[in-house]
Amino acid sequence: MRVLGIESSCDETGIAIYDTEKYLLVHRLYSQIELHSEYGGVVPELASRDHIQKILPLINQVLNQAQLTCLEIDAVAYTAGPGLAGALLVGASIGRSLAWALNIPSIAIHHMEGHLLSPLLEVNPPKFPFISLLISGGHTLLVEVLGIGRYTLLGESMDDAVGEVFDKIAKILGLNYPGGQLLANLAEKGRPNKYKFPRPMTNRPGLNFSFSGLKTFAMNTWRSCGQTEQDRADIALAFQTAAIETLVIKCRRALKQTKLHTLVVAGGVSANKALRTKLYSIPDIDIHYPRLSFCSDNGAMIAFAGAMRKVNSGGEMNLGFYVRPYWPINDLSPP
Amino acid sequence: MNILSLDTSTESCSAALLYQGEIFERISMTQRSHSDLILGLIDALFIESRATIAEIDVVAVGRGPGSFAGVRIGVGVTQGIAFARDIPVITISSLTAIAQGTIAESHANYISVAIDARMGEIYGANFQVVDGLAILLDKEQVCLPKKFKFIKRQEWLGVGTGWAKYKSTLTNNFAGQLKEVNAYCFPKASSIIELAHNEVKMGKLLSAEQALPVYLRNNVARKKGEG
């Protein structure tokens, strides 16, 4: 069975085809980063306008590359949420109508389920059950995963997502948008222990996060220092160390609490090298990541999630299509 | 020539089918449920007409201006269907569709369309009726109501929601040239079929991926340093 995946929840258009016999056939990604950088952040209306220009050309490229016609597709999976309503609606409109006109099922996919399952696309995939840490510019979630659609939310950010705080502190330090990755690079030049940032919500029980206080801390630290290039790197390192240590502490707690030994880390921030190094220090666990190109948003994870759900159900034949900009992951049920 | 058409650019959501010379149409008024409704309306047309999607030669769509999200739902659905069936697309202005929809009843020769564009503006355009078709006289614009004027001394029919919201300003602009106002007019998929027929004759067929929205309002965000 071949599933076409369409991702358009934010500022990347991702298209892929997953074949349940031959695994991932092809994937293509178009990033809008350049479009939004002039505005210092994602402009939802511009994101939507770009998606409707990019989705079909990318589908065309993916089909050509796989040497398939759309008549050889068995189902269409599209991201239905969470994300930007207008951007989601573009992928949903095209995905749902494409499936309708081909008389095949479509599957509305939860974006974070896509990320959560993305390490299963790799060789040596993790086995259920596991703990999943999902970290990106929009989300910070700790989830207990028993199987497809069997998710228990253990903890989440009470305010900003961790990736968002990377970007915002980068902005405070005068780095270009989106600065999260630049900040991580800069941290490599920082001197350890020059500054000490708090580890929010680690000295009390629980698995929730709060990162927005680190922004204020970074702002105050930046204002009261000499603002040299070295200060910038020192602050970047101090923040990154605090954020990472906080994430690792909560992961250890989640693993201990659930008595599980497998950790899956996905989402844009999972590409962070310092985080990966720190996570490897947790003893007696297996850690799984998606490949670097699938850490951020992509169509492959949507096609894959669609295939996993389709194998076990008929997909939706409802004619209406909906998007859910806010969609808690524990609302999902098994296919 | 069998044509499927749809429009979701305003608070009216409609689909029509020209099949073996007969027109079938479904219209539903809605504020925000276009995505919930449109494929159901289209599906109902196929059931009623007993046509199959494989028999459709062209998909025609109202490509805006109108609600940004609404326009993208219509164009997105059109792209999906046309791509899946490998058939061409005709894109029609939703303002032209409104004008076209009033011809049969009003017998007007000059039609001025204005719809509410929010932010104190309207989407507007002026049309002349030639051989039963609404032909654009000037250009479509997004502008303040006070800047939207007639362009020929004629008896104009004013149509569209803009004529209700900015009634006094617009009737003032058209003083002495206005025959009638009918604000409660929306783009209809059947009007799009009438217009699309002519566009097909003129060879204005697009591929699915060339079918794109026209928003008119393009300054939707401020760049860094633009205040």
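When you look at B:ASP36, is it open to solvent by less than 50 Å² (accessible area, probe 1.4 Å) and either among the charged types (D, E, K, R) or outside the structural domain of B:ASN198 (by TED's automatic domain parsing) (or both), yes or no?
Numbers: open to solvent by less than 50 Å² (accessible area, probe 1.4 Å): no; either among the charged types (D, E, K, R) or outside the structural domain of B:ASN198 (by TED's automatic domain parsing) (or both): yes.
Spelling it out, it is not the case that B:ASP36 is open to solvent by less than 50 Å² (accessible area, probe 1.4 Å) and either among the charged types (D, E, K, R) or outside the structural domain of B:ASN198 (by TED's automatic domain parsing) (or both).
Only one residue in B:GLU155, B:GLU209, B:GLU180, B:GLU226 is within 30 Å of A:GLU38 (Cα to Cα), modelled with pLDDT of 95 or more and more than 19 Å from the chain's Cα centre (by Cα). Which one?
Working: B:GLU155 fails: within 30 Å of A:GLU38 (Cα to Cα); B:GLU180 fails: within 30 Å of A:GLU38 (Cα to Cα); B:GLU226 fails: modelled with pLDDT of 95 or more.
Being within 30 Å of A:GLU38 (Cα to Cα), modelled with pLDDT of 95 or more and more than 19 Å from the chain's Cα centre (by Cα) holds for just one of B:GLU155, B:GLU209, B:GLU180, B:GLU226, which is B:GLU209.
Going by the conditions given, is A:SER97 surrounded by 20 or more Cβ atoms within 10 Å (Cβ to Cβ), within 26 Å of A:HIS36 (Cβ to Cβ) and polar (S, T, N, Q)? Walk me through how you get there before you give the answer.
On the way: surrounded by 20 or more Cβ atoms within 10 Å (Cβ to Cβ): yes; within 26 Å of A:HIS36 (Cβ to Cβ): no; polar (S, T, N, Q): yes.
No, not satisfied.
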Over the range A:52-103, the set of residues over 18 Å from B:ILE87 (Cα atoms), under 20 Å from the mean Cα position of the chain (by Cα) and either part of a strand (DSSP E or B) or facing another protein chain (nearest Cβ under 9 Å) (or both) is A:ALA77, A:TYR78, A:THR79, A:ALA80, A:GLY81, A:ALA85, A:GLY86, A:LEU89, A:VAL90, A:GLY91, A:ALA92
Kindly indicate whether any position in the range A:185-200 is touching an Asp or Glu at 6+ places or on another chain (Cβ under 6 Å), small (Gly, Ala, Ser) and buried (at least 20 other Cβ atoms within 10 Å of the Cβ).
-> yes
For A:LEU24, the lone unmet condition from (1) closer than 26 Å to A:PRO125 by Cβ; (2) part of a helix (DSSP H, G or I) is (2)
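So that you can scan it fast, the table gives a plain yes or no per residue for (1) open to solvent by less than 50 Å² (accessible area, probe 1.4 Å); (2) part of a strand (DSSP E or B); (3) modelled with pLDDT under 95; (4) closer than 23 Å to A:CYS225 by Cβ:
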site: A:VAL123; (1), (2), (3), (4): no, no, yes, no
site: A:LYS127; (1), (2), (3), (4): no, no, no, no
site: A:ILE131; (1), (2), (3), (4): yes, yes, no, no
site: A:GLY138; (1), (2), (3), (4): no, no, yes, no
site: A:LEU141; (1), (2), (3), (4): yes, yes, no, no
site: A:VAL145; (1), (2), (3), (4): yes, yes, no, no
site: A:LEU153; (1), (2), (3), (4): yes, yes, no, no
site: A:PHE166; (1), (2), (3), (4): yes, no, no, yes
For A:ILE131, the lone unmet condition from (1) more than 30 Å from A:GLU34 (Cβ to Cβ); (2) in contact with a Gly (Cβ under 8 Å, 6 or more places away or on another chain) is (2)
Report whether or not B:VAL61 is among the hydrophobic types (A, V, I, L, M, F, W, C), under 25 Å from A:ALA47 (Cα atoms) and surrounded by 24 or more Cβ atoms within 10 Å (Cβ to Cβ).
-> yes
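I'd like to check which strands (runs of 3 or more DSSP E) are fully inside the range B:110-227 and have at least 1 residues that are in contact with a Ser or Thr (Cβ under 9 Å, 6 or more places away or on another chain), open to solvent by 50 Å² or more (accessible area, probe 1.4 Å) and within 14 Å of chain A (Cβ to nearest Cβ). Full working, then the answer.
Working: elements: B:110-116, B:122-130, B:133-136, B:141-143, B:156-159, B:178-182.
Here the list is empty.
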Within the range A:12-27, identify whether any single residue is open to solvent by 20 Å² or more (accessible area, probe 1.4 Å), of a type in the set (Lys, Arg), away from chain B (no Cβ under 13 Å) and touching a residue at least 12 places away in the same chain (Cβ under 8 Å), and answer yes or no.
-> no
Scope the range A:300-323; condition touching a helix residue (DSSP H, G or I) at 6+ places or on another chain (Cβ under 8 Å) and either at pLDDT 95 or above or within 30 Å of A:LYS256 (Cβ to Cβ) (or both); matching residues | A:ALA300, A:MET301, A:ILE302, A:PHE304, A:ALA305, A:MET308, A:VAL323
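Within the range B:174-227, which residues are of a type in the set (A, V, I, L, M, F, W, C) and at positive phi?
So in the range B:174-227, the residues of a type in the set (A, V, I, L, M, F, W, C) come out as B:174-175, B:178, B:181, B:183, B:185-186, B:189, B:192-193, B:195-196, B:200, B:202, B:205-206, B:208, B:211-212, B:214, B:216, B:220-221.
The one that is of a type in the set (A, V, I, L, M, F, W, C) and at positive phi: B:LEU216.
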Failed item, numbered, when A:THR221 is tested on (1) under 22 Å from the mean Cα position of the chain (by Cα); (2) crowded, with 18+ Cβ neighbours inside 10 Å; (3) among the polar types (S, T, N, Q) = (1)
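To keep it simple, each residue is scored yes or no on (1) of a type in the set (Asp, Glu); (2) under 21 Å from B:PHE68 (Cβ atoms).
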site	(1), (2)
B:MET119	no, yes
B:ASN126	no, no
B:VAL129	no, no
B:VAL142	no, yes
B:PHE148	no, yes
B:GLU155	yes, no
B:GLY160	no, yes
Assess whether A:LYS273 counts as being closer than 30 Å to A:LYS189 by Cα, at pLDDT 95 or above and out of contact with any strand residue (DSSP E or B) (no Cβ under 8 Å at 6 or more places or on another chain).
-> yes
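Among the residues of the range A:28-51, write down those that are open to solvent by 40 Å² or more (accessible area, probe 1.4 Å) and part of a loop (DSSP other than H, G, I, E, B).
Taking the range A:28-51 as the starting set, the residues that turn out to be open to solvent by 40 Å² or more (accessible area, probe 1.4 Å) are A:28-31, A:33-35, A:38-39, A:42, A:44.
Residues satisfying the conditions are A:GLU38, A:TYR39, A:VAL42.
The values are calculated or read from the model by the stated rules, or taken from the named source; none is laboratory data. The structure displayed is predicted, hence computed values, not measured ones. All Cβ positions, even for glycine, are placed from backbone atoms using ideal geometry, and neighbour counts span all protein chains on display. Protein only, heavy atoms only, side chains kept; ligands, DNA and RNA dropped before computing areas. Shrake-Rupley method; radii C 1.70, N 1.55, O 1.52, S 1.80 Å.
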